[in-house]
1. Considering region 105-132 alone, what residues qualify as being of a type in the set (A, V, I, L, M, F, W, C) and part of a strand (DSSP E or B)?
2. Quick check on my filter: what residues within region 402-421 are touching a residue at least 60 places away in the same chain (Cβ under 8 Å), part of a loop (DSSP other than H, G, I, E, B) and either open to solvent by 20 Å² or more (accessible area, probe 1.4 Å) or not small (Gly, Ala, Ser) (or both)?
3. Considering Leu392, Leu342, which residue is on the phi < 0 side of the Ramachandran plot, surrounded by 23 or more Cβ atoms within 10 Å (Cβ to Cβ) and either touching a helix residue (DSSP H, G or I) at 6+ places or on another chain (Cβ under 7 Å) or assigned to a helix (DSSP H, G or I) (or both)?
4. When Asp114 is evaluated against the numbered criteria (1) farther than 30 Å from Thr324 by Cα; (2) buried (at least 18 other Cβ atoms within 10 Å of the Cβ); (3) touching a residue at least 60 places away in the same chain (Cβ under 8 Å), which criterion, by number, is the only one it fails?
5. If you go through region 192-209 one residue at a time, do you hit one that is of a type in the set (A, V, I, L, M, F, W, C), modelled with pLDDT of 95 or more, open to solvent by 10 Å² or more (accessible area, probe 1.4 Å) and more than 21 Å from the chain's Cα centre (by Cα)?
6. Specify the residue that is nearest to Lys193 (Cα to Cα); the eligible residues are those in region 143-159 that are open to solvent by 60 Å² or more (accessible area, probe 1.4 Å) and either in contact with a Cys (Cβ under 8 Å, 6 or more places away or on another chain) or of a type outside the set (Gly, Ala, Ser) (or both).
7. Only one of these is among the hydroxyl-bearing types (Ser, Thr, Tyr) and buried (at least 18 other Cβ atoms within 10 Å of the Cβ): Ser35, Ser53. Name it.
8. Which residues, taken from region 293-339, are in contact with a His (Cβ under 8 Å, 6 or more places away or on another chain), open to solvent by less than 30 Å² (accessible area, probe 1.4 Å) and polar (S, T, N, Q)?
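The values are calculated or read from the model by the stated rules, or taken from the named source; none is laboratory data. Not measured: the values here are computed from a predicted model. For neighbour counting, all protein chains shown are included, and Cβ atoms are generated from backbone atoms with ideal geometry for every residue, glycine included. What goes into the accessible areas is simple: the full protein's heavy atoms, side chains included, and nothing from ligands, DNA or RNA. Shrake-Rupley method; radii C 1.70, N 1.55, O 1.52, S 1.80 Å.
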Amino acid sequence: MNLNASAAAQPTSINYTVTFPEVQAHYINVEMTISDLKQNTVDVKIPIWTPGSYLIREFAKNVEGFTALANGVPLTAYKTSKNTWHIQNGTATTIKLNYRVYSYEISVRTSIADASSAFLSTSGLFMYPAGMLNQPSTIHIVPYQGWKTVSTSLDPVNGDQFTLYAPDYDTLFDSPIQVGNQDVFGFETGGVKYEVAMCGGGNYDKERLKHDLAKIIDEETAIFNENPNKRYVFIVHNYLKGGGGLEHLRSTVLGATRDGYTNETTYHNFLALAAHEHFHLWNVKRLRPMALGPFDYENENYTTNLWIAEGFTTYYQSVIVRRTNLYPAKDFLNIIAADLSLVDNQPGTKMQSLSEASFDTWIKLYRPNENSTNTTMSYYNKGAVIAMLLDLEIIQQSKARQSLDDVMKYAYQEYYKKQQRGYTDAEFKTTLEKFTGKNLDGFYKKYINGVDSIDYSAYLKYAGYRVIDTLVDTNYAYLGIKATTTATRHVVSVVTRNSPAWVAGLSFNDEIISIDGKSIPDLDKYILTKKPAEAIMIDLIRDGLPKQFKITLSRNPQVKYKLEEIAQPTDEQLAVRKKWMKL
């Protein structure tokens with residue numbers, strides 16, 4: 001046997017050992033062993049972002065104490081970029097890298113560790129050898145004292161929950177790990193085993209959660225005619241006040257309010273969050289824009305289609321919970337009305353298109369400032385509105401035989417299953433045209449790539465509804481600022497575009513001392529005592545200097561929509577309504 005040939009054929013082996021010697025100070029220690037190296041130098045990198053959360057998070061900033069050894073002897077190692085370490089291993093074929101990661105950011109997308117438990121957000125914790133993203137790896141976790149449970153979608157090795165296997169780095173970075181003594185319970189539906197890992201306690205009812213989550217899962221699975229997983233994990237972080245979620249290939253991480261499960265509104269919001277993140281296992285994790293996979297972990301991954309990936313998912317979270325009958329139809333209509341109101345009340349809706357909001361998410365959505373409401377809009381909320389319009393259009397054109405469900409199912413089969421790739425902008429538009437039966441050039445020009453106002457009633461009338469503004473007959477005075485109150489001073493936090501305050505020149509961080517010569521405890525209440533076209537005199541401090549502004553108030557332009565049933569809906573409208581809301 002040719003030993004050199006055998007060595008050349010041996011694949012590089014990558015193993016991690018995770019320990020917690022200073023977990024009380026929020027550190028996670030990682031030892032990375034790379035064996036069967038073929039080269040005499042190697043670069044290792046840590047991602048700068050995590051899939052599903054489109055912001056450069058610079059995970060390398062939390063890394064410290066990096067060392068490299070071969071046979072116990074220190075190797076020359078140094079950084080060549082913000083997230084890259086260069087190691088000169090010479091003839092050594094096995095090297096050990098050690099580093100530790102500070103982990104104390106409370107969110108669903110970053111690691112957090114203390115003496116009670118550790119959440120390992122894998123993309124911000126594990127380095128990878130450059131050029132080896134397709135390599136498998138093994139992760140061995142040495143639990144901190146008293147920790148007994150691991151919750152993750154990664155498969156255990158030989159039944160050992162503390163030793164995990166990842167077939168490649170895309171899988172590893174899409175598989176968070178919870179370690180500690182979380183409350184774990186499970187259920188099975190549609191042949192898929194589900195695990196729920198509750199962290200941080202809470203007043204949840206396990207049996208109710210099992211029942212309700214299973215109903216949501218079944219409704220979502222019915223859209224695509226299959227669940228591609230055999231096992232799925234919900235990791236739930238319960239806090240004094242929590243929220244948010246992040247999707248993964250075979251799991252999700254949810255933030256929740258610890259004692260919110262017995263409040264029906266809070267509980268329904270949690271179910272909607274679970275429905276949203278679970279729906280992502282199809283929409284974005286498998287049916288995805290071309291740019292979102294395979295990932296580039298060192299740069300932004302740009303797409304103009306997050307209004308589909310996130311906006312459609314936001315729409316479906318409400319649709320799915322409605323279909324389960326976990327809340328009544330009127331609640332669904334109220335959610336739709338609230339979304340419409342939110343979109344139209346955001347000045348940035350007239351400044352930023354959906355496609356632009358998607359592309360610029362890396363620099364705008366997750367980096368808001370005092371002017372963001374004036375310049376940006378949410379592709380979550382407006383994307384959900386667009387999904388509703390298209391859903392109603394398809395139901396109407398097909399005489400209630402098809403819906404947006406058919407678009408999602410077709411696109412999933414065509415691009416994920418058949419072509420095994422993402423879709424382009426043009427391909428998804430063509431798919432929508434296939435089911436609406438219409439050329440959507442104008443629709444895209446106005447609502448996707450443009451900022452035209454939408455006539456919501458033109459679509460909702462298909463289901464026998466119309467949109468009314470409950471504030472249309474009001475005549476409230478309007479200044480156009482948001483402020484935080486400190487004692488009797490009001491510090492301006494937002495100045496709304498084209499408002500009286502905007503036109504007059506009020507600015508972020510201005511300290512309002514008095515209005516009309518009086519100290520005002522409640523700014524909003526005082527403005528409501530005035531009338532549109534009435535002038536007020538504001539005294540304020542800006543950068544330590546006094547200033548005075550005379551401002552003429554206007555009528556408050558805010559809307560508050562409600563969906564109202566039209567009188568005597570036709571049989572056709574009732575058929576669309578039934579298909580839309582699954583009545």
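1. Ile112, Ala113, Ala118, Phe119, Leu120
2. Once the filter is applied, which keeps residues that are touching a residue at least 60 places away in the same chain (Cβ under 8 Å), part of a loop (DSSP other than H, G, I, E, B) and either open to solvent by 20 Å² or more (accessible area, probe 1.4 Å) or not small (Gly, Ala, Ser) (or both), region 402-421 yields only Arg421.
3. Leu392 is the lone residue from the list that is on the phi < 0 side of the Ramachandran plot, surrounded by 23 or more Cβ atoms within 10 Å (Cβ to Cβ) and either touching a helix residue (DSSP H, G or I) at 6+ places or on another chain (Cβ under 7 Å) or assigned to a helix (DSSP H, G or I) (or both).
4. Tallying (1) farther than 30 Å from Thr324 by Cα; (2) buried (at least 18 other Cβ atoms within 10 Å of the Cβ); (3) touching a residue at least 60 places away in the same chain (Cβ under 8 Å), Asp114 fails exactly one: (2).
5. No; the residues of region 192-209 include none that is of a type in the set (A, V, I, L, M, F, W, C), modelled with pLDDT of 95 or more, open to solvent by 10 Å² or more (accessible area, probe 1.4 Å) and more than 21 Å from the chain's Cα centre (by Cα).
6. Among residues in region 143-159 that are open to solvent by 60 Å² or more (accessible area, probe 1.4 Å) and either in contact with a Cys (Cβ under 8 Å, 6 or more places away or on another chain) or of a type outside the set (Gly, Ala, Ser) (or both), the one nearest to Lys193 (Cα to Cα) is Asp155.
7. Numbers: Ser35 fails: buried (at least 18 other Cβ atoms within 10 Å of the Cβ).
Just one listed residue meets the conditions, Ser53.
8. Thr313, Thr314
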